[in-house]
Amino acid sequence: MSYFSIARSSLVKDIRLEWRSKDAINAMLFFALLVVVIFSFAFDPTAEESRTIAGGLVWVAVLFAAIVALNQTWSRELRNQVLDAYRVSPATGTPLFLAKAVGNFIFVSAIEALMTPLFVVFYKLRALGPVGELLPTAVLGTWALVVNGTFFAAISLRTRSREVMLPLLLFPLSIPALLAMVNATTAILTGEESARFWVALLLAYDVVFTTACLLMFDIVLEAE
Amino acid sequence: MKRGFTLLATVAGLLLSFGLYEALIAAPTERTMGDVQRIFYYHVPSAWTAFLLFLINFAASVVFLVRRNAAADILALVTAEVGVVFCTVVLVTGPLWARPVWGIWWAPGDIRLTTTLVLWLIYISYLMLRRFSTSSQTPLVAAIVAIFGALDVPLVYFSIWFFRTQHPSPVIGGGGSLDPRMARVLLINWAAFLCLAGLICWTRYLLEIARRQVEEAQGMESLLERSP
Amino acid sequence: MAVSETKPIVVADGLIKQFGRFSALRGVTEEFAPGKLYVIVGDNGAGKTTLLRAVAGLIHPTRGTITVLGTRKIKDVCQKIGYMAHSSLLYDELSGIENLNYFGELYGIRSDTSREVIARLKLNPALERPVGQYSQGMRQRLSLARAVLNNPELLLLDEPFSNVDSRSAQQMTELLSELRQLHKTVLVVTHYPAHLKSVADEFVSMVAGTVVKRSGTLEAGV
C-alpha cells in the first residue's frame, strides 16, 4: 500500500467516474460558455480596452466554472456514502486529497483551454507582452484555485447548504491569488509591466497552501 | 472574579469618556486635514484592537488543534466575533475620513484599508462556517479555517503592496512623525478600546460557557428520558 | 453473562453518542468475544447502526470509550476490520471488479484476491456492467465482498439482508457461517434475524440506545 499508488488509482477512478457520468464537465462547459457570452454582451470593448479588462474577465469566469467542478468532486464520494469505505480503510487522507486536487486541476485546465479561444474571438485579443508567460500564470493560478477549493469543498461537506458554503469560504482566501492572476494576465496582455512578481506571488501562495492542505487534510477527513 | 469584571467595566467607562474629551477637544487640530482628522483617534485604535483580537484567535486556534481544550475554542470564537465588530468600525471610519481628504470613498490600492477589508471577509466566512457547520467537530474544522485565514494575511498584504506600486494611491496618515500630543490621545483611546474589547470578550466568553452548559444539561436530560 | 476465557475483541465502556439533543447511544457497556457471530436486533432508532459505526471508528463517542482488538485507536487496527454499511459503499458508475480493485488498492490487496472474493459470493467476475445496473441482491453481495476483501478478523454488517431476494440471502448466510468456522468475529445488525437463526451465537437486543438483553436463542416476537 504505497502513497502514490493510492493517489494514482484514486485519480484514475475519479477520471473514469467523470468520463462515464459527465456530471461536472458538461455543466462546467456550458456554464463557462454562458459566462463568456454574457460578458460579451455586458462589455463591448475595443481591442485596446479589452487588453486591460480581459484578465479580470477570464479569471472570474474560470473561478465560477471551477466552483461547479469543486462542488462535484466530493459529492461523488457522498453518493452511497462511499467516503465511509475510504475512512475505514488503512489509507490516509492525503493521497485522496492529492488525487482530487490533481483531478480538479485537469478538469479546470480543460475548461480554460476551451474558454481561451472564445475570449480571444469575442474580445479581439492580441497580447503585446510575452505570451509564453501566460502558461506559468495559468498553471500556478489554476492550482491555487483548486488546491484550496478541493480542501474547502471537503470542509463544506459537513455544513448545511454546502454548495453555497464553498464559495463563501474559498473566495475571501483566494483574493491574493486572484489579484495575482488578474494582474499577471493584464501585464502580459498590455505588455507594459513585467508579470514576474505576480508569478512569484502565485508560487508562494501555492507552496504555502499546498503544504497546509496536505498537513491538515487528515483531520478534516477524520471529523464526522 | 465579579469584582475584577466591575473594575474593568469602570476603567473602560472612564477611559472612553476621557478619550472622547481628549480626542474631540483637547487634541490639537491637524493643519491640513482639519477637524475631520479627529476620526483618526477612533479609526486607528479600532484597527489595532481588531488585529490583536485576530492574532489571539490564531493563537487560540493553534492551541486548540494541539491540546483540544474547550477554553481555547471559546476564546477563538469570541475574539473572532469581537474582532469583526472592531474591524467593521475601521471599515466605516476609513472611508468617512478618506472622502473629505482624498475626495474619494475608497482607494483599492490603499494597503491598510484593503488588507483590513480582506481580513474582515475572511473572519466573516469563519463565523459563517461555525454557524452552518453540522459536524460534531465544528471547533476542529473552525480552527483549521482560522489557521488558513492567518496564513493568507501576509499574502494579501504583499499582493496589495505590489498592486499599489502599479496603481498609485494616496495614503492616510502614516509617514512623517506624529505630534506627541496626538500620540498621547491615540494611546489613551487605544487603552480604552482594549478595555472595552476585553470587557465584551469576557461577557461573551461567560455567555458561551453558559450556553454550552445548557446544551450539555439538555443532552443529559435526553439521556435520562426512558421513552423509546 | 458467561465469563469468556479469551480476551474480548470489542469492549464498549459507558458509550454515549449524542447528535445535538438526540441521544443515539445512552451508555452501552458490553463485551464481544472473538470467534462468535452476534446478531444485534432492535427497532429503528435503537442505536444499532450508531454502535456499529462506533466500532468501525467512523464516529467519535460523546462519552465513554470503545476498544477494538485491544486498542482505542481504531485506525491502527482497521486493516483487520471489515465494514458493510446500509448504503452500498460502491461507485455506481464502476463495474464490480473495478470497485473491488480500487478498494483493494487502499488495503494493498492485489486484483486476483478481488476476483476470488467475487467468485466466492457467486458473482461473475467478468461482469462489465456498472454496479448501478445490478439487482439489489447482487449489489448487497458485492457490498459484502468489499467488506471481506481484506480478510478481516472482525466483520461489521449493517442490514445485509434488506431488500434482498432469498437466494442472495442464502448465499450471504453461507459465507457468514464459513467465516464463523474460520473463527472470525461477526457483528450483524438486522431486521431479519430469522436468516441467521442457524449460525448466530448470541442475539443482542437494543432499545432506545441501550442493550436490554443478550440471549443465545431468538425468541418469537423479537
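Values in this text are rule-based calculations from the coordinates and carry no lab data. Given the structure is predicted, the values throughout are model-derived calculations rather than measurements. Backbone-built Cβ (ideal geometry, glycine too); neighbour counts: all protein chains shown.
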Might you report the magnitude of the Cβ-based charge dipole of chain A about its Cα centre, with Lys and Arg at +1 and Asp and Glu at -1, to the nearest 20 debye? 560 debye
Final fewest-first order of A:Arg196, A:Arg16 on the 10 Å Cβ neighbour count is A:Arg196, A:Arg16
Most positive-pole-ward Cα, B:Ala27, B:Ser159, B:Cys195, against dipole of chain B from beta carbon charges: B:Ala27
Please give me the summed charge of the neighbours of C:Ile16: other residues whose Cβ is under 9 Å from its Cβ, Lys and Arg +1, Asp and Glu -1. +3
Charge dipole of chain C built from unit charges on the beta carbon (Lys, Arg +1; Asp, Glu -1), centred at mean Cα; most positive-end Cα among C:Thr210, C:Thr50, C:Tyr38 is C:Thr210
Inter-part distance where the stretch A:20-50 and the stretch B:107-133 are each reduced to a Cα centre, Å: 28 Å
At a 10 Å Cβ-Cβ cut-off, how would you order B:Lys2, A:Lys100, fewest neighbours first? B:Lys2, A:Lys100
What 222 nm value per residue comes from the helices of the protein assembly as shown, counting each DSSP H run with n ≥ 4 as -39,500 (n - 2.57) and dividing by all residues, nearest 500 deg cm²/dmol? -22000 deg cm²/dmol
Which angle from 0 to 90°, rounded to the nearest 10, does the C-alpha axis of helix B:138-166 make with the longest principal axis of chain B? 20 degrees
When the charge dipole of the stretch A:3-222 is computed with +1 at the Cβ of Lys and Arg and -1 at the Cβ of Asp and Glu, the Cα pointing farthest to the positive end, of A:Thr52, A:Val131, A:Asn148, is that of A:Asn148
Taking every residue in C:97-108, how many Cβ atoms of other protein chains lie within 10 Å of its Cβ, on average? 5
Under 5 Å from the placed amide H of B:Ser136, counting only residues 5+ away or on other chains, we find A:Glu224
Please say if the stretch C:126-197 is rounded, prolate or oblate, where rounded means a/c under 1.5 for a ≥ b ≥ c the square roots of the C-alpha gyration tensor eigenvalues, and otherwise the choice is prolate for a/b larger than b/c and oblate otherwise? oblate
Taking the Cα centre of the stretch C:10-215 as origin, sum charge times position over the Cβ atoms of Lys and Arg (+1) and Asp and Glu (-1), and report the length of that vector in debye to the nearest 20. 440 debye
C-alpha center-to-center spacing [the stretch C:1-68, the stretch C:138-169] in angstrom: 20 Å
Expressed as an acute angle from 0 to 90° and rounded to the nearest 10, what is the orientation of the C-alpha long axis of helix B:2-21 relative to the principal long axis of chain B? 20 degrees
Under 9 Å, Cβ to Cβ, from C:Arg214 - net charge with Lys/Arg +1 and Asp/Glu -1: -1
Out of all DSSP beta bridges in the protein assembly as shown, what portion is antiparallel? Express it as a percent rounded to 5. 55 percent
Loop-resident trypsin sites (Lys or Arg not before Pro) in the stretch C:4-41 with no more than 10 other Cβ atoms inside 10 Å, DSSP not H/G/I/E/B, are C:Arg21
Using Cα centres only, tell me the gap between the stretch B:52-84 and the stretch A:82-103 in whole Å. 29 Å
Of all beta bridges DSSP finds with both residues in the stretch C:10-215, what is the antiparallel percent, to the nearest 5? 55 percent
Going from the fewest other Cβ atoms within 10 Å to the most, one would list C:Ser168, A:Ser156 as C:Ser168, A:Ser156
Cα gyration tensor of the protein assembly as shown, axes a ≥ b ≥ c as square roots of the eigenvalues: rounded (a/c below 1.5), prolate (a/b > b/c) or oblate? oblate
Zero-based 10 Å bins, Cα pair distances in the stretch A:1-53, whole percents: 20, 25, 21, 18, 13, 2
Equivalent ellipsoid semi-axes - Cα gyration tensor, chain B, angstrom: 38, 24, 13
Between the Cα axis of helix C:96-107 and the main Cα principal axis of chain C, the angle (0 to 90°, nearest 10) is 50 degrees
Across peptide A:210-218, what mean number of C-beta atoms from other chains lies inside 10 Å of a residue's C-beta? 2
Net charge over other residues, Cβ less than 15 angstrom from the Cβ of B:Ala80 (K, R count +1; D, E count -1): -1
Against the empirical 2.2 N^0.38 Å scaling, what ratio does the C-alpha Rg of the stretch C:10-215 come to? 1.00
Counting other Cβ atoms within 10 Å of each Cβ, which trypsin sites (Lys or Arg not before Pro) in the stretch A:127-175 have at most 11 and sit in a DSSP loop? A:Arg160
